[in-house]
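A short worksheet on the structure shown next.
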Amino acid sequence: MNYYRDKKGRFIKGHPDFVSSEKRKLMAITISKSKKGYKMSKVHKLNMIKAITGRKLSDKHKENISNSLKGRFLKEESSQWKGGISKKPYNFDFIQELRDKIIKRDSFVCQLCGNTQDEEIEEFGYKLNVHHIDYDKTNSKENNLITLCRRCNSIVNKDRLGWMKYFKKRLNWVKTAREKLKKEFNVR
Ligand SMILES: [Zn+2]
């Protein structure tokens, strides 16, 4: 039994934390006022829905949110474009799928130093990175993506123009080589 609380669990009069009913009303008004004009972000909403319901979102729902986020990032980034330095887009499932696809295309090997995915996981505890060749994170065309390890990923942040040229050349070379192999030996 708690002698300094009433039936509803509130502090009784005389207790230092006692709140009168008038003060409680005033607090309610202040809180509702401060919440006016407060807009939840889509991600926030999504997290709330998840937290409250514990339900998983349908793929369609996820796709809708992803698309609207993509639109927003494109807008933000084109207006504040600083030579390719951009905020990371949100990592929803479809982006992860694309990353996995690129890493698989590049045979689970860093295309600069040859570190393998297994070595990377052992060393850093992460999968290999997928690098945007033109440094524009909204350009997720497959010919703009290449697999790099963490170390190389930080290296290519210097001399960006040089690396851009290098990777473009390299991907073109790989593409031609693959096509040649396909024709000559009928392999994929
Ligand atoms: Zn590397």
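Each reported figure results from applying straightforward, stated rules to the coordinates on display, with no laboratory input. Quick caveat: nothing in here was measured; it's all calculated off a predicted structure. Quick reminder, even Gly has a Cβ in these numbers, built from the backbone with ideal geometry, and neighbours come from all protein chains shown.
Of all residues in region 106-115, count the ones that are surrounded by 14 or more Cβ atoms within 10 Å (Cβ to Cβ), more than 10 Å from the ligand (Cβ to nearest atom) and without any contact (Cβ under 8 Å) to a residue 40 or more places away in the chain. Counting residues in region 106-115 that are surrounded by 14 or more Cβ atoms within 10 Å (Cβ to Cβ), more than 10 Å from the ligand (Cβ to nearest atom) and without any contact (Cβ under 8 Å) to a residue 40 or more places away in the chain gives 1. Mind listing whichever residues of region 129-165 are among the polar types (S, T, N, Q), in a loop (DSSP other than H, G, I, E, B) and more than 16 Å from the ligand (Cβ to nearest atom)? Selection gives Thr138, Asn139, Ser140. With respect to the stated conditions, Glu120 is over 19 Å from Arg170 (Cβ atoms), in contact (Cβ under 8 Å) with a residue 24 or more places away in the chain and not in a loop (DSSP other than H, G, I, E, B). Of all residues in region 162-188, exactly one satisfies the criterion of being among the aliphatic types (A, V, I, L, M) and under 25 Å from the mean Cα position of the chain (by Cα), namely Met164. Of a type outside the set (A, V, I, L, M), within 13 Å of the ligand (Cβ to nearest atom) and part of a helix (DSSP H, G or I), is that true of Glu184? No: the conditions fail for Glu184.
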